[in-house]
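To start, the structure itself, in structure tokens.
Read-outs throughout are calculated quantities, based only on the coordinates presented, and are distinct from any laboratory measurement. None of the values given here were measured: they were computed from a predicted structure. Don't worry about glycine lacking a Cβ; one is built from the backbone with ideal geometry, like all the others, and counts go over all protein chains shown.
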Amino acid sequence: MCAGSTDADKTFVLRTATSAMADCTFCGRPVEAHDPLYLSETPGGEPTSQFCNYGCLSAHVDAADLATGSACEWSPEQ
Ligand SMILES: [Zn+2]
């Protein structure tokens, strides 16, 4: 069982957002020109970042090392 995640570090992927034009967090292009994804800390909340598509999201995760030390490897003692 995966025991590391907490309510404080959840991220939600939204398929729509209320904001107008936004630039991709990864590549800087306008996301509306593609198949945009938005990330938020709450379901239906304000987006904290946005990406053209899953490709840019995946590339951003790799580039920022966001997968390193993710929930299943994490423990409060570290
Ligand atoms: Zn992009």
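Quick notes on this structure:
- With the simple model of a label 7 Å out from the Cα in the direction of the Cβ, Ala59 to Asp35 spans 1.6 nm.
- Taking amide hydrogens as placed 1.01 Å from N in the peptide plane, the amide H of Arg29 sits under 5 Å from those of Cys24, each at least 5 positions away in sequence or on another chain.
- For region 31-39, 3J(HN,Hα) per residue [Karplus equation, 6.51 cos²θ - 1.76 cosθ + 1.60, θ = phi - 60°, Hz, x = Gly/Pro]: 5, 5, 7, 10, 10, x, 10, 10, 10
- In nm, spacing of pseudo-spin labels at Glu46 and Asp23 (7 Å Cα→C-beta vector): 1.9 nm
- Taking 0.36 nm per residue of separation and subtracting the Cα-Cα distance, full extension of the segment from Ala67 to Phe12 would add 18.3 nm.
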